[in-house]
Amino acid sequence: MKEEVIKKLEILAGAAKYDVSCSSSGSNRSNTNKGIGNAAYCGICHSFTEDGRCVSLLKVMMTNYCMYDCAYCANRKSNDIERTALSVDELTELTISFYRRNYIEGLFLSSGVVKSPDHTMSLMTRVAKNLRTLHNYNGYIHLKSIPGASPELIRQAGLYADRLSVNIEIPTEANLKLLAPEKDYTSIYTPMNSIHQGILENKEDTKKIRSIPKFVPAGQSTQLIIGATPDTDNHILSLASNLYQHQQLKRVYYSGYIPINTNDSRLPAIITPPLVRENRLYQSDWLIRFYSFKVDEIVNEKHPNLDLDIDPKLSYALRNPWMFPIDINKAPYELILRVPGIGVNSARLIIASRQFGKINSYQLQKMGVVMKRARYFITCNELSSPTVNEIKPENLKLLLMKQLPKAKKVKYPGQLKLFDVA
Amino acid sequence: MNTWIYDNSFEGFLTLVFNCYELNIFPDIIKGNRNNQPSIFPESYEVITDETKAKRVWNGLHKKISNSSCQLLYHAFLSEICDVELMILHYIREVFESPINIELNFGNHYILEMLKMDKKVTREAQRVLMFTRFQKTTDEIYYASFDPKYNVLPLTINHFENRFADQKWIVYDTRRNYGFYYDLINSTEFRFTENTINRNTGTIDKSMMAEDEQLFQELWKSYFKSMCIKERINPKLHMQLLPKRFWKYLTEKQNNE
Ligand code: SF4
């Protein structure tokens, strides 16, 4: 490997950094025949950038040459930037060498579109194929599908990758067409559908024949850019929840729009990316996936956008005071989960422990319940705080907002595993 | 005060538990004595590690509580937190003396504490898996140092064996001064006798570094730098996620000379 690769890597990593997907979870590829690597099911971060995002994969573009001209993208054709490309061999060697030093969990490869979507897609697939077949590499591989790539190529890529993603980017088709004239929903949903189809068929096949190779075992994901268009949170979360249900996507990532091409009049004039909104969307997504909330309980026509002052779970509780207080010693798990200040962990501890006797507020605190919040929404053995109904939701909101530490109100990036929605 | 001394090993501790029940005396203080020096505590009782006795306690525990709760105890033990042995002993007594299985009663102080300690220890082990950086030597051995808060090295070996099955490696705990060497088949515990590594940075001497090692370190550093989005910089969060105590062994956090 030569020194000049440093320069290329700098450019192409810099070009890929805006893609938020970083997780390497969901695959449990084991090391076969004493090769190199395996994929840990829950994924492992290896470092954190100074902006507080996790680094678990070598996230890089194959090339930042691109024939498309998407308004929100730094690599669009009309931008005058330094362009370069890494070869298939350079990419495989980088991946293997980084992996052996425990820098990374694997590779996340994306690319600008060169020559044609199919040409680009097949080059990316070759990287994955070489890693698996020539180097006996079992670590994680995520390929970002090129919009418009043919289903056959996507099928091939899926045999070597752990995850495939097709980025939707803009939550409505009309707005996408405005900002990315060469793309449309067909070019995005066609590959998405064929990945979904491939996963379903693979599931059926493995039932019959054990040894069949896995097809994208970590599933597929997508990314939505937030704040580049006037789409509401209601619209965004409904789209996400639809994707979870009907395409069985593993993750939807939300990426606060970062103003890169500031002179483009199709884009809103903002200076800082909408980080708080991005975080609220992740919290809502979390509630939908792990707390069995439905989208319209979080946002709906009457309440189309998330409250930026408080997290969505507290916001829900304050809009539905009639549900409270909840009796910690009697209520079912699902209801306990709805109490602000109680997360999945403490809810489980409560359920497990109460068969041994009544639980009091001191024990709740020990179990990790944030009593400062929860106390207004529960009754337990002896606790006699005024409830949300006595204080009135609007007063309680002010009271709880005052208690929030300042830092949390300002910044909190989205893709952390430890979420503050308790 | 009733002081008991054991040899710091988990087996030694389990033997201690056995002796407690045998003599029906329970210590007020438990001290580890790693180097087998003559005891400095007057009127103390010295436990002699006995594999059979340790096994009996361990099996007895498995009859009373689940496998995962037994693991919890072991993890708590590795924390080396002050007086953790007494805590575990308390837990064991409650378990043995209760007619029903109480491992899920998190309203109980000792049971909840054990869970919390397990969390701390497994988190630290996880961090070692995250923040270990190997350097390749001229004889193709990948070397890594770390300095974990708790004694978690034994919990990580399996992971490294599975992941790096086709390369020789060494992982070394500089705080406790022991490590493991994997020779493509087995990993064995060992102790460095000479100073072949820099204790402050964990880096190996340049003369021992493989030819392309430095290039890959540079590549990784420049990659790490390029990934940062300056519009989102957040030093406080960065510090929280990547605690400073790990920086000294992290390639990407080392300054270029
Ligand atoms: S196709 Fe991708 S790389 Fe090309 S301009 Fe659009 S977003 Fe950027």
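Say whether the condition of being in contact (Cβ under 8 Å) with a residue 40 or more places away in the chain, loosely packed, with under 15 Cβ neighbours inside 10 Å and more than 14 Å from chain B (Cβ to nearest Cβ) is met by at least one residue in region A:272-285. Within region A:272-285 (the criterion being in contact (Cβ under 8 Å) with a residue 40 or more places away in the chain, loosely packed, with under 15 Cβ neighbours inside 10 Å and more than 14 Å from chain B (Cβ to nearest Cβ)), the answer is no, since none of the residues qualifies. Which of the residues spanning region A:1-27 are within 16 Å of the ligand (Cβ to nearest atom) and more than 15 Å from A:Thr63 (Cβ to Cβ)? Hits for region A:1-27 are A:Lys17, A:Tyr18, A:Val20, A:Ser21.
Any residue in region B:104-127 that is among the aromatic types (Phe, Trp, Tyr) and open to solvent by less than 40 Å² (accessible area, probe 1.4 Å)? The answer is yes, given that some residue of region B:104-127 is among the aromatic types (Phe, Trp, Tyr) and open to solvent by less than 40 Å² (accessible area, probe 1.4 Å). From (1) farther than 30 Å from A:Asp233 by Cα; (2) open to solvent by 10 Å² or more (accessible area, probe 1.4 Å); (3) within 16 Å of the ligand (Cβ to nearest atom), pick out the condition that doesn't hold for A:Met121. All conditions are met except number (2). Residue by residue through region A:162-173, note down the ones that are within 13 Å of the ligand (Cβ to nearest atom) and either closer than 12 Å to A:Ala149 by Cα or open to solvent by 10 Å² or more (accessible area, probe 1.4 Å) (or both). Result: A:Val166, A:Asn167, A:Glu169. Considering each residue of region A:196-219 in turn, none proves to be closer than 21 Å to A:Ile170 by Cβ and open to solvent by less than 10 Å² (accessible area, probe 1.4 Å). Filter region A:65-75 for residues that are more than 6 Å from the ligand (Cβ to nearest atom) and more than 19 Å from A:Pro259 (Cβ to Cβ); which is surrounded by the most Cβ atoms within 10 Å (Cβ to Cβ)? Per the criteria, the residue is A:Tyr65.
Is there a residue in region A:174-189 that is under 19 Å from A:Ser25 (Cβ atoms), within 15 Å of the ligand (Cβ to nearest atom) and of a type in the set (S, T, N, Q)? There is no residue in region A:174-189 that is under 19 Å from A:Ser25 (Cβ atoms), within 15 Å of the ligand (Cβ to nearest atom) and of a type in the set (S, T, N, Q).
Filtering A:Val5, A:Val55, A:Val20 for residues that are more than 14 Å from A:Leu94 (Cβ to Cβ), of a type in the set (Val, Ile, Thr) and facing chain B (nearest Cβ under 9 Å) leaves a single hit, A:Val55. Taking the listed residues B:Lys236, B:Lys221, B:Lys230, B:Lys244, the one that is touching a helix residue (DSSP H, G or I) at 6+ places or on another chain (Cβ under 7 Å), loosely packed, with under 11 Cβ neighbours inside 10 Å and either farther than 24 Å from A:Leu94 by Cβ or not polar (S, T, N, Q) (or both) is B:Lys236, with no other qualifying. Among the residues of region A:231-271, the one identified as assigned to a helix (DSSP H, G or I), small (Gly, Ala, Ser) and surrounded by fewer than 20 Cβ atoms within 10 Å (Cβ to Cβ) is A:Ser238. I'd like the full set of residues that are of a type in the set (A, V, I, L, M) and either open to solvent by 10 Å² or more (accessible area, probe 1.4 Å) or within 15 Å of the ligand (Cβ to nearest atom) (or both), limited to region A:89-100. Scanning region A:89-100 gives a single hit, A:Ile96.
When residues of region B:136-176 are filtered for being more than 11 Å from chain A (Cβ to nearest Cβ), surrounded by 21 or more Cβ atoms within 10 Å (Cβ to Cβ) and in a loop (DSSP other than H, G, I, E, B), how many remain? Here the count works out to 3. For A:Leu86, state whether it is facing chain B (nearest Cβ under 9 Å), under 18 Å from A:Lys144 (Cβ atoms) and open to solvent by less than 30 Å² (accessible area, probe 1.4 Å). No: the conditions fail for A:Leu86. Taken over region A:314-338, the criterion of being touching a residue at least 40 places away in the same chain (Cβ under 8 Å) and closer than 13 Å to A:Lys397 by Cβ is satisfied by A:Leu314, A:Ala317, A:Leu318, A:Arg319, A:Pro321. Every residue in region B:229-246 that is at pLDDT below 85 and more than 7 Å from chain A (Cβ to nearest Cβ), please. Answer for region B:229-246, where residues must be at pLDDT below 85 and more than 7 Å from chain A (Cβ to nearest Cβ): just B:Lys230. Residues in region A:31-45 include at least one that is outside any helix (DSSP H, G or I), facing another protein chain (nearest Cβ under 7 Å) and closer than 24 Å to A:Thr222 by Cβ. Meeting the requirement of 2 or more residues that are within 14 Å of chain B (Cβ to nearest Cβ), open to solvent by less than 30 Å² (accessible area, probe 1.4 Å) and farther than 20 Å from A:Ser385 by Cβ, the helices (runs of 4 or more DSSP H) wholly within region A:314-373 are A:344-353.
Of the numbered criteria (1) of a type in the set (Val, Ile, Thr); (2) touching a strand residue (DSSP E or B) at 6+ places or on another chain (Cβ under 8 Å); (3) closer than 27 Å to A:Glu50 by Cβ, the one B:Ile233 fails is (2). All conditions in (1) more than 11 Å from the ligand (Cβ to nearest atom); (2) open to solvent by 30 Å² or more (accessible area, probe 1.4 Å); (3) touching a helix residue (DSSP H, G or I) at 6+ places or on another chain (Cβ under 6 Å); (4) at pLDDT 85 or above hold for A:Asn31, with the sole exception of (4).
Quick check: is even one residue across region B:76-89 modelled with pLDDT of 95 or more, surrounded by 21 or more Cβ atoms within 10 Å (Cβ to Cβ) and either closer than 30 Å to A:Ile104 by Cα or facing another protein chain (nearest Cβ under 10 Å) (or both)? The answer is yes; a qualifying residue exists. Could you go through region A:43-60 and let me know if any residue there is near the ligand (Cβ under 9 Å from one of its atoms), over 18 Å from B:Arg133 (Cα atoms) and not β-branched (Val, Ile, Thr). No, that holds for no residue. With the condition kept exactly as written, say whether any residue in region A:109-118 is away from the ligand (no atom under 16 Å from the Cβ) and surrounded by 24 or more Cβ atoms within 10 Å (Cβ to Cβ). Checking region A:109-118: not a single residue is away from the ligand (no atom under 16 Å from the Cβ) and surrounded by 24 or more Cβ atoms within 10 Å (Cβ to Cβ).
The values are calculated or read from the model by the stated rules, or taken from the named source; none is laboratory data. Everything quoted here is computed from the prediction, not taken from an experiment. We place every Cβ from the backbone using ideal geometry, glycine too, and count neighbours over all the protein chains shown. For the accessible areas, the whole protein counts, side chains as well, though only heavy atoms, and no ligand, DNA or RNA atoms are used. Shrake-Rupley method; radii C 1.70, N 1.55, O 1.52, S 1.80 Å.
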